[in-house]
Amino acid sequence: MYSPITQNRRHVDIVSRMLENEGFKKLHFTQLVVIANDKTVVDKRFAPKSIKDVIVKYDQLAEKVRNISTDTGVTFNDKQMKEIANFFLLNNNPIKFNYV
């Protein structure tokens, strides 16, 4: 299994570059990997702090997001959020599979 942390970091980098290339201001992204299976055991005792801060279980996600949103000081108005959402909608290219 690939590292979900490394994969997520690549996704964050790609999204950040895409938005910057389109003229959006430099945005702050917070990397999170959410563990959705409640039976999953994550032993973070020996992990560095940078890894511990990225992994969150699904039942702790709402609190984590609340803490993140107050820490960054970054705010968007409705128009800016809509522009970003529309950018992603316009650039969404689903993979087409040929099942034959």
field: Near pairs, Cβ below 9 angstrom, 6+ apart or cross-chain, from segment 63-80 (β-branched (V, I, T)) to any residue that is modelled with pLDDT under 85 and open to solvent by 80 Å² or more (accessible area, probe 1.4 Å)
entry: T72/H28; V74/H28
query: Could you list, in sequence order, the residues of segment 26-72 that are of a type in the set (G, A, S) and under 15 Å from T6 (Cα atoms)?
result: A47, S50
message: Show the residue pairs meeting these rules: Cβ distance below 8 Å; 6+ apart or different chains; first residue within segment 25-45 and of a type outside the set (A, V, I, L, M); second residue in a loop (DSSP other than H, G, I, E, B) and open to solvent by less than 80 Å² (accessible area, probe 1.4 Å).
response: H28/V74; Q31/V54
- line: Among helices (runs of 4 or more DSSP H) completely within the chain, the ones holding 3 or more residues that are touching a Cys at 6+ places or on another chain (Cβ under 7 Å) and open to solvent by 100 Å² or more (accessible area, probe 1.4 Å) are none
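The values are calculated or read from the model by the stated rules, or taken from the named source; none is laboratory data. Keep in mind it's a predicted model, so treat the numbers as computed, not measured. Methodologically, a virtual Cβ is constructed for each residue, glycine included, from the backbone with ideal geometry; neighbour enumeration extends over all protein chains shown. Side chains included, ligands, DNA and RNA excluded: accessible areas come from the protein's heavy atoms. Shrake-Rupley method; radii C 1.70, N 1.55, O 1.52, S 1.80 Å.
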